[in-house]
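Bear in mind these aren't lab numbers, they're just calculated from the coordinates by the rules spelled out. Predicted model, so just to flag it, every value in this text is computed and none were measured. All Cβ positions, even for glycine, are placed from backbone atoms using ideal geometry, and neighbour counts span all protein chains on display.
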Amino acid sequence: MDLLRELVRSLLIEMYQSHTDEPVEGDPVVNTNTNCKHVGSEGIVLSIDELPSDKGKVVEYECINDGPTWNIGDVLSKTMDQLEPLRPAGRMYTVRSR
């Protein structure tokens, strides 16, 4: 059970929703917001901008995959809570050493 708890904790740490590990320009990201028409879009971060009144940040990324409502090369803007780091194929998580 402790192993499962540690795995879940490491997954949560990796999500940008916690804002502990924010993306930088050039990072690959994926939209994981199931309520967004661009869910599943993957891209490379172009810029990160502050929202007014300290309400968070917006990430602009260039799409590297096609989907029902976006094409490769489209530039999308999303709040950071809609994005997660894009993992290489076959990897669901990153193991961090302590």
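Per-structure values
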| quantity | calculated |
| --- | --- |
| Every pair of residues 6+ apart whose Cβ atoms lie under 7 Å, when the first sits in the range 46-57 and is in contact (Cβ under 8 Å) with a residue 12 or more places away in the chain and under 20 Å from Glu25 (Cα atoms) while the second is in a strand (DSSP E or B) and aliphatic (A, V, I, L, M) | Leu46/Val75; Ile48/Val59; Leu51/Val58; Lys57/Ile48 |
| Positions within the range 17-56 being crowded, with 16+ Cβ neighbours inside 10 Å, in contact with a helix residue (DSSP H, G or I) (Cβ under 7 Å, 6 or more places away or on another chain) and of a type outside the set (S, T, N, Q), in sequence order | Pro23 |
